[in-house]
Amino acid sequence: MKQRTPEGDALTALVLPVFELNGEFLAAAQDITEPTGLTPAWWQVLGATLDEPLSVADIARRVGLGLARQSVQRTANLLVDKGWAVYVDNPNHKRAKLLEPTAKGRDTVAELRDAQHAWSDAVGAAVGEGELQAFAATLEKILRASRDYRGGSA
């Protein structure tokens, strides 16, 4: 069995803490969204449409994070059913409607924005701007290197 290099060991040592960090971010998002009735996934989909109405396929591409088009479709339908969004005609495609937030949806996202800012300000202050910027740059390098290794996919 081939041994990893010290760099490979260092990267491997990051995997579990990064998964744990992802879980913590999801738990924080749940805490932030819970008072509004949205879920983190609903927030993510609705938030993608704030600047312009988007098709479900465009939302899935923009949001990323492994959300399948079918999952985004189910979420979009729920957002419409609950009055946070509406479907509007798509001038570029007869069947693929665009999802657009309603006034209720925009107000809810604004409420979430305030709660998210309070959370990010507190966590950011505890860690420090410089450390966070360095961590973000390192994460970007890891993502780029992994994608390059895998042939540029994802």
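Before moving on, here are some points about what is shown:
- Output for the range 7-45, where each listed residue is aliphatic (A, V, I, L, M) and in contact with a Lys or Arg (Cβ under 8 Å, 6 or more places away or on another chain): none
- Checked against the criteria, Thr49 counts as in contact with a Pro (Cβ under 6 Å, 6 or more places away or on another chain) and more than 25 Å from Thr138 (Cβ to Cβ).
- Selected residue (criterion: farthest from Ala103 (Cα to Cα)) from residues of the range 13-40 that are open to solvent by 40 Å² or more (accessible area, probe 1.4 Å) and in contact with a helix residue (DSSP H, G or I) (Cβ under 7 Å, 6 or more places away or on another chain): Leu26
- Out of Ala57, Ala76, sole residue that is within 21 Å of the chain's Cα centre (by Cα), among the hydrophobic types (A, V, I, L, M, F, W, C) and either surrounded by fewer than 14 Cβ atoms within 10 Å (Cβ to Cβ) or over 22 Å from Leu26 (Cβ atoms) (or both): Ala57
- Criterion violated by Thr5 - all others in (1) of a type in the set (S, T, N, Q); (2) under 25 Å from Leu139 (Cβ atoms); (3) touching an Asp or Glu at 6+ places or on another chain (Cβ under 7 Å) satisfied: (3)
The values are calculated or read from the model by the stated rules, or taken from the named source; none is laboratory data. What you are looking at is a predicted structure, and each value in this text was computed from that prediction instead of being measured. Here the Cβ is made from the backbone with ideal geometry for all residues, glycine too, and neighbour counts use every protein chain on show. Surface areas here come from the heavy atoms of the whole protein model, side chains and all, with no ligands, DNA or RNA. Shrake-Rupley method; radii C 1.70, N 1.55, O 1.52, S 1.80 Å.
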